[in-house]
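Trainee: I'd like to ask some things about the structure below.
The values are calculated or read from the model by the stated rules, or taken from the named source; none is laboratory data. Not measured: the values here are computed from a predicted model. Ideal geometry is used to build each Cβ from the backbone, glycine not excepted, and the neighbour counts take in all protein chains shown.
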Amino acid sequence: MNNVFDNILGLIGESPMVRLNEVTKDIPATILAKLESFNPGHSTKDRIALHIIEQAERMGLLKPGATIIETTSGNTGYSIAMVSIIKGYKCILSVSDKTKAEKIAYLKALGAVVYICPANVPAEDPRSYYEVAKRLAEETPNSIYINQYFNELNIEAHYQTTGPEIWKQTEGKVTHLFACTGTGGTLSGSAKFLKEKNPDIKVIGVDADGSILKTFHETGEIDKSDIHPYQIEGMGKNLIPKALLFDQIDEFVRVNDELAAYKTREIALKEAIMGGYTTGAVVQGLVQYAAENPFNDTDLVVLIFPDHGSRYITKVYSDEWMKEQGFTNNLVHNYDEVFKTEHIK
Ligand code: PMP
């Protein structure tokens, strides 16, 4: 039999790459997007869920019927819920109340128990999704807390899979790697592998306006004035994750909600790739970087597209949501012309 797997977990990894032809056509380099939405859980997080859970099994930490606990903005939760079903574990997730209802519905569809916690409280507050997950892990026997922000296996998952795949897919010709950083695991693990192969590869992290990561990389200090609420889910942070290897990253660019939102929709309209909000963010990061650091036609740039747009249909792909945010200024997004809907009565 060919292309047949024992269960859904066999499809994790080996995500395809596709060339961007329109949305970055002013940049002379070859630009390839690695489509992590082709994982069975539709995001890059399948890789870490499988790796961390299987590593815990190898270490004898999980007995039959165990419970897997995590904090998540959605994608990691979906991946853990998926792995838990196949392996016979229970899954408990604590999420921020910034998370859209449909993301929570996805988690529940895969059998997860979901705790919804306030986003705008400090991490050390007992109501924060970190503290809730920690407490549940302490109270639940035969459980593990994935703790993706502080778990070095998060980096290792990408060091063992995403990095080698990028090297193989580009036949070692990659010159630049861009990814949005949330936990930092995707970029750190991939970068570590790729820089061991070729230390000249430039690694660029894309941070959110409202997050502390870019300033911390540049100064080694946390600047609290950087912190403000923002809309992009899954990237940027108000603490320093241990899964982010700052020394593997050459530079950060910071993108705002509005430009990332336009770019997300532009990628769907021009490349027919419907990505999540951070897909727009990583392309916006590339555009901003290219304005300061010109590329040439021998450069081969890889962008990680972390997840699929279906989870953002009531957010960045909703005209109403865009208008509510005041995101109405971009010519590509002339709402009356591009997003016209006709009702035949
Ligand atoms: N984009 C999305 C949509 C995500 O959910 C995440 C993970 N938080 C990222 C980007 C960033 O990936 P990482 O945590 O590996 O830095």
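Trainee: Tell me the residue from 263, 173, 237, 192 that is over 24 Å from residue 23 (Cβ atoms) and at pLDDT 95 or above, please.
Mentor: Values: 263 fails: over 24 Å from residue 23 (Cβ atoms); 173 fails: over 24 Å from residue 23 (Cβ atoms); 237 fails: at pLDDT 95 or above.
Step by step, each of 263, 173, 237, 192 is checked, and only 192 is over 24 Å from residue 23 (Cβ atoms) and at pLDDT 95 or above.
Trainee: Now, a different point. From 23, 4, grab the single residue that is more than 13 Å from the ligand (Cβ to nearest atom), farther than 18 Å from residue 186 by Cβ and without any contact (Cβ under 8 Å) to a residue 12 or more places away in the chain.
Mentor: Sole residue among the options that is more than 13 Å from the ligand (Cβ to nearest atom), farther than 18 Å from residue 186 by Cβ and without any contact (Cβ under 8 Å) to a residue 12 or more places away in the chain: 4.
Trainee: Does the range 243-253 contain at least one residue that is assigned to a loop (DSSP other than H, G, I, E, B) and among the small types (Gly, Ala, Ser)? Explain how you work it out, then say what you get.
Mentor: Residues of the range 243-253 assigned to a loop (DSSP other than H, G, I, E, B): 243-245, 249-250.
Of the ones still in play, those that are also among the small types (Gly, Ala, Ser) are 243.
Scanning the range 243-253, I find at least one residue that is assigned to a loop (DSSP other than H, G, I, E, B) and among the small types (Gly, Ala, Ser), so the answer is yes.
Trainee: Give me a count of the residues in the range 75-98 that are among the polar types (S, T, N, Q), within 14 Å of the ligand (Cβ to nearest atom) and outside any helix (DSSP H, G or I).
Mentor: 1
Trainee: Within the group 307, 299, which residue is in contact (Cβ under 8 Å) with a residue 60 or more places away in the chain, more than 16 Å from the ligand (Cβ to nearest atom) and at negative phi?
Mentor: The unique qualifying residue is 299.
Trainee: Anything in the range 162-203 that is part of a helix (DSSP H, G or I), away from the ligand (no atom under 16 Å from the Cβ) and buried (at least 18 other Cβ atoms within 10 Å of the Cβ)? List them, or say none. Break it down stepwise before answering.
Mentor: So the first thing to find is which residues in the range 162-203 are part of a helix (DSSP H, G or I), and the list is 162-169, 185-197.
Still in the list and also away from the ligand (no atom under 16 Å from the Cβ): 164, 167-169, 195-197.
Residues satisfying the conditions are 167, 195.
Trainee: For the range 51-65, indicate whether the set of residues that are within 16 Å of the ligand (Cβ to nearest atom), part of a helix (DSSP H, G or I), buried (at least 20 other Cβ atoms within 10 Å of the Cβ) and not assigned by TED's automatic domain parsing to the domain that holds residue 287 is non-empty.
Mentor: yes
Trainee: Given the residues 120, 142, which is the only one that is over 21 Å from residue 243 (Cβ atoms), surrounded by 13 or more Cβ atoms within 10 Å (Cβ to Cβ) and out of contact with any helix residue (DSSP H, G or I) (no Cβ under 9 Å at 6 or more places or on another chain)? It would help to see each step written out before you state the result.
Mentor: On the way: 120 fails: surrounded by 13 or more Cβ atoms within 10 Å (Cβ to Cβ).
Among 120, 142, only 142 is over 21 Å from residue 243 (Cβ atoms), surrounded by 13 or more Cβ atoms within 10 Å (Cβ to Cβ) and out of contact with any helix residue (DSSP H, G or I) (no Cβ under 9 Å at 6 or more places or on another chain).
Per-residue answers, yes or no, for (1) under 15 Å from the mean Cα position of the chain (by Cα); (2) outside the structural domain of residue 189 (by TED's automatic domain parsing); (3) not acidic (Asp, Glu):
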| site | (1), (2), (3) |
| --- | --- |
| 274 | yes, no, yes |
| 288 | no, no, yes |
| 292 | no, no, no |
| 295 | no, no, yes |
| 307 | yes, no, no |
| 318 | no, no, yes |
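Quick grid of which residues meet (1) among the polar types (S, T, N, Q); (2) surrounded by fewer than 20 Cβ atoms within 10 Å (Cβ to Cβ); (3) within 23 Å of the chain's Cα centre (by Cα); (4) part of a loop (DSSP other than H, G, I, E, B):
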{"residue": "10", "(1), (2), (3), (4)": "no, yes, yes, no"}
{"residue": "15", "(1), (2), (3), (4)": "yes, no, yes, yes"}
{"residue": "18", "(1), (2), (3), (4)": "no, yes, yes, no"}
{"residue": "25", "(1), (2), (3), (4)": "no, yes, no, yes"}
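Trainee: Taking the condition of being within 20 Å of residue 152 (Cα to Cα) and within 14 Å of the ligand (Cβ to nearest atom), how many residues in the range 208-222 meet it?
Mentor: Qualifying residue count for the region: 2.
Trainee: Residue check, residue 78 against (1) at pLDDT 95 or above; (2) within 14 Å of residue 9 (Cβ to Cβ); (3) surrounded by 24 or more Cβ atoms within 10 Å (Cβ to Cβ), all met but one. Which one?
Mentor: Unmet for residue 78, out of (1) at pLDDT 95 or above; (2) within 14 Å of residue 9 (Cβ to Cβ); (3) surrounded by 24 or more Cβ atoms within 10 Å (Cβ to Cβ): (1).
Trainee: Out of 243, 157, report the one residue that is within 16 Å of the ligand (Cβ to nearest atom), touching an Asp or Glu at 6+ places or on another chain (Cβ under 8 Å) and more than 30 Å from residue 326 (Cβ to Cβ).
Mentor: Going through 243, 157 in turn, just one is within 16 Å of the ligand (Cβ to nearest atom), touching an Asp or Glu at 6+ places or on another chain (Cβ under 8 Å) and more than 30 Å from residue 326 (Cβ to Cβ): 243.
Trainee: Would you confirm whether any residue within the range 204-217 is more than 25 Å from residue 35 (Cβ to Cβ) and either surrounded by fewer than 17 Cβ atoms within 10 Å (Cβ to Cβ) or of a type in the set (Val, Ile, Thr) (or both)?
Mentor: Going residue by residue through the range 204-217, those that are more than 25 Å from residue 35 (Cβ to Cβ) are 209-210, 212, 214-217.
Right, trim to either surrounded by fewer than 17 Cβ atoms within 10 Å (Cβ to Cβ) or of a type in the set (Val, Ile, Thr) (or both) and you get 212, 215.
Yes, some residue in the range 204-217 is more than 25 Å from residue 35 (Cβ to Cβ) and either surrounded by fewer than 17 Cβ atoms within 10 Å (Cβ to Cβ) or of a type in the set (Val, Ile, Thr) (or both).
Trainee: May I pose another question? If I ask for residues that are more than 13 Å from the ligand (Cβ to nearest atom) and in a loop (DSSP other than H, G, I, E, B), which ones from the range 223-238 would you list?
Mentor: The answer is 223, 227, 228, 229, 230, 238.
Trainee: Only one of 108, 100, 34 is over 22 Å from residue 243 (Cβ atoms), touching a residue at least 60 places away in the same chain (Cβ under 8 Å) and of a type outside the set (Gly, Ala, Ser). Can you tell me which?
Mentor: After applying the criteria, what remains is 100.
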